[in-house]
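The structure appears right after this line, and notes come after that.
The values are calculated or read from the model by the stated rules, or taken from the named source; none is laboratory data. What you see is a predicted model, and the numbers here were worked out from it, not measured in a lab. Cβ sites come from the backbone with ideal geometry, for glycine too, and all protein chains shown count toward neighbours.
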Amino acid sequence: MNIIDLGTVPSSSENYLTFIEQMCDTLELDFGSYASLNPVTGAVHGYANYPNAWKSHYIKKSLHRIDPALHKAGLSIAPVDWQRFERDQKFKSVFFPAEDFGITSQGLTVPIRGPYGDRGLLSVTRSCSTEEWEKLKRHIMGNLQTAAVHLHDSVMRTNGLIGALGYSALSSREKEVLQWVAAGKLQQEIGDILAISHRTVEIHLRSSRDKLGALTTVQAVGRAIGMGLIHPS
């Protein structure tokens, strides 16, 4: 999926909305939304391409206080299909009126956990048959997870979370290994350069991924660059 590199454009809500709209068009989704929680200030930042009338209703009724897509999916580390939500009063208060605004209750939320307690939630919807939905989910899940990490990291940089928590969770050796990865070196090459074994390089990379809350080494490198821990090559 071709996505906007949010790190190369001026930060604004318009750019995030453009990203969400492009994602929905590319992945054949109806609507998308993103919400993040800043653990330092407690502030919630949200962006969505829902109809303005629904966004006004949602804010007026303070539905963010009970929305299962925020509170229940936020407890998970894996994507959550909304079909798993209990059809209790909170669900009905959010999703039943949403139908009146053209928003289906068929959707899912991808949770993102950052390295310093920051959390993000990317939610998407699609009005279609159950069979089509299941097929679409399998096809786009990888792209959704990549988009969620990309969007979350950009929002965190924009809203100053990394500056507020500005300390390194990585050891000097872990940063050194990531810096060589950023330079395009393979694990065996990094081991030769640093005079350590291939296995030790992998241990440092695994530790870096865990500390940075990254799913892949590429994501770990991206986050380390964004935090100023290493420099782009």
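Consider Ala182 carefully, then state whether it is within 25 Å of the chain's Cα centre (by Cα), aliphatic (A, V, I, L, M) and crowded, with 20+ Cβ neighbours inside 10 Å. For Ala182, the condition - within 25 Å of the chain's Cα centre (by Cα), aliphatic (A, V, I, L, M) and crowded, with 20+ Cβ neighbours inside 10 Å - is not met. Of all the residues in region 23-46, those that are surrounded by fewer than 19 Cβ atoms within 10 Å (Cβ to Cβ), modelled with pLDDT of 85 or more and touching a helix residue (DSSP H, G or I) at 6+ places or on another chain (Cβ under 9 Å) number 4. One residue stands out in region 56-69 among those that are assigned to a helix (DSSP H, G or I) and at pLDDT 90 or above: the one that is surrounded by the most Cβ atoms within 10 Å (Cβ to Cβ), namely Ala69. The single condition from (1) surrounded by 13 or more Cβ atoms within 10 Å (Cβ to Cβ); (2) more than 24 Å from Gln145 (Cα to Cα); (3) out of contact with any Asp or Glu (no Cβ under 6 Å at 6 or more places or on another chain) that Arg87 fails is (1).
Of the residues screened, Gly107 is one that is closer than 16 Å to Trp82 by Cα, at pLDDT 85 or above and either within 19 Å of the chain's Cα centre (by Cα) or assigned by TED's automatic domain parsing to the domain that holds Asp67 (or both). When the residues of region 101-150 are filtered to those that are part of a loop (DSSP other than H, G, I, E, B) and without any contact (Cβ under 8 Å) to a residue 40 or more places away in the chain, the one that is surrounded by the fewest Cβ atoms within 10 Å (Cβ to Cβ) is Ser129.
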